[in-house]
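See below for the structure under consideration.
Values in this text are rule-based calculations from the coordinates and carry no lab data. This one's a predicted model, so the numbers in the text were calculated from it and none came from an experiment. Cβ coordinates were reconstructed from backbone atoms using ideal geometry, including for glycine residues, and neighbour counts include every protein chain displayed.
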Amino acid sequence: MIYSHGFENWYVLHTVAGQEEQVAIKLNTLLNQSLSFYLPRKEVIHTVNGREKRVALALFPGYLFIQNDINALARFLCQRAWNGRVIPLSAQHRYLSVAPHEMEQLFAMAGPKGIIPVSKGVYEEGRVRIVHGPLKDCEGDILFFNRRKKKARVRISLVNRSLDVTLGLELVGAHCNGHD
């Protein structure tokens, strides 16, 4: 996904889950310009037929971040009959912008490729301690850890709301005797 390094003027578009990338490409083509989109993804570990496989899934399915003049984009969407298929998030008749510190947190976790890698942790004294990865400094925000599925539910702040997201987390080392 194309993105700018600035953290100002970011908005969220709601679209059909699984179609986020196609929407970004189509909007760039229709508007005949290079827009700054960001589609954060998370790497998770799926077990299929006894084999582990790492896959990248959308962090927020059905949502696409855009850095642009949201009013002009909303007018374009209405004129092109996209209204209803791609909707800027709004409340009380105002488009909601993502706070710069929230975008900075997303970029810090997902890096330049936009993929939040699986974090690594060890089980010590009845709790999981993160030793590597984007969750290393977020231990207080981890709500739940499923050792068998290698996933953690984490609370993050976005658009002035607290959201719970699931991220990859695997135990490593000799102290891997935690509980599900």
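Using a cut-off of 14 Å between beta-carbons, work out the net charge of the residues near residue 27 (Lys and Arg +1, Asp and Glu -1, residue 27 not included).
Surrounding charge for residue 27 is +1.
How do 150, 42 rank when sorted from fewest to most other Cβ atoms within 10 Å of their own Cβ?
Exposure proxy ranking, most exposed first: 150, 42.
For the chain, just list the percent of Cα-Cα distances falling in each 5 Å bin from zero outward, please.
Bin by bin from 0 Å, the calculated values are 1, 8, 15, 19, 17, 13, 10, 7, 5, 3, 1, 0.
What lysines could a cross-link reach from residue 53, if we take a straight Cα to Cα line under 25 Å and drop same-chain neighbours fewer than 8 places away?
Once the sequence-local lysines are set aside, what remains near residue 53 is 42, 113, 120, 136, 149, 150, 151.
Using the 10 angstrom Cβ neighbour count as an exposure proxy, how do 30, 106, 96 rank, fewest first?
Neighbour counts put them in this order, fewest first: 30, 96, 106.
What are the ³J(HN,Hα) values, in whole Hz, obtained from phi via the Karplus relation 6.51 cos²θ - 1.76 cosθ + 1.60 with θ = phi - 60°, for each residue of region 39-54 in sequence order, with x given for Gly and Pro?
Per-residue couplings from phi come out as 10, x, 10, 10, 8, 10, 9, 10, 10, 10, 6, x, 10, 7, 9, 8 Hz.
Taking a ≥ b ≥ c as the square roots of the Cα gyration tensor eigenvalues, with a/c under 1.5 meaning rounded and otherwise prolate when a/b beats b/c, else oblate, which class fits region 70-155?
Because a/c hits 1.5 or more and a/b exceeds b/c, region 70-155 counts as prolate.
Within 13 Å, Cβ to Cβ, of residue 95, how many net charges do the neighbouring residues add up to if Lys/Arg are +1 and Asp/Glu are -1?
Surrounding charge for residue 95 is +1.
What is the fewest-to-most order of 95, 63, 11 by other Cβ atoms lying within 10 Å of their Cβ?
Lowest to highest Cβ neighbour count: 95, 63, 11.
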